[in-house]
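Trainee: Quick one: this structure, given as structure tokens, is what I'll be asking you about.
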Amino acid sequence: MKTRSSLILLTLLLATALPAAAQSLDWTMVGSAGVSDNGNPLFAVAGPAVYVPSNAIETLEFRYPVTNTYGSATSKQPGWTTFSMTYADNSSTAGSVVANLMEVDSCASTERQICSITSADGDGSTACDTCSLNTTIDFSSHSYYVYVTITKTDLPADPRLFELAIY
């Protein structure tokens with residue numbers, strides 16, 4: 001009987017602790033998991049990265065649905081304040097990665113950009129840039145997605161998207 005009571009107590013503690021632990025979850029998505037927006041098969045993936053193949057010149061468009069990782073039963077307004085993008089950009093003129101966090105009104109279907117990040121020209125090393133959110137994320141009245149373009153206008157360029165996050 002004592003073992004059974006202990007097991008019930010442990011189950012109840014876990015049942016209340018797990019939702020509390022979920023409150024600290026942020027939203028993340030690897031670049032290779034995006035949905036191609038323009039139906040273009042000219043993209044490549046390697047691990048978490050998505051990019052234009054080395055022998056192609058192209059602009060790729062991807063969408064990444066943002067989900068409420070807090071869980072609607074816990075909160076429809078996660079305390080996220082920062083949007084980030086991990087990328088590589090080795091060209092000052094021939095390549096870029098742009099990520100726009102979009103908010104869609106649930107009833108009117110109107111959308112607006114609430115944060116935007118454009119890759120900084122670099123040497124191809126992995127970099128992480130952030131954007132501070134100027135509005136509260138509210139899943140009770142809005143849906144969210146990240147719209148990404150990866151542009152390559154010359155063959156030496158090699159822009160890549162590795163990860164997106166909201167925290």
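Trainee: In the chain, what percentage of the DSSP-assigned beta bridges are antiparallel, given to the nearest 5?
Mentor: On the way: 51 of 51 bridges.
Around 100 percent antiparallel, to the nearest 5.
Trainee: Hey, another quick one. With a/c under 1.5 counting as rounded, go ahead and sort the range 24-166 into rounded, prolate or oblate using the C-alpha gyration tensor (a ≥ b ≥ c being the square roots of the eigenvalues; past the cut-off, prolate if a/b is larger than b/c, else oblate).
Mentor: Cα axes put the range 24-166 in the prolate bin.
Trainee: Which cysteines in the chain lack any other cysteine whose Cβ sits under 4.7 Å from their own Cβ?
Mentor: Cys with no partner Cβ under 4.7 Å: Cys107, Cys128.
Where a number appears in this text, it was derived from the coordinates with a stated rule and is not lab data. Quick caveat, the model's predicted, so the values are computed rather than measured. As a convention, Cβ positions derive from the backbone with ideal geometry for all residues, glycine included, and neighbour counts pool all protein chains shown.
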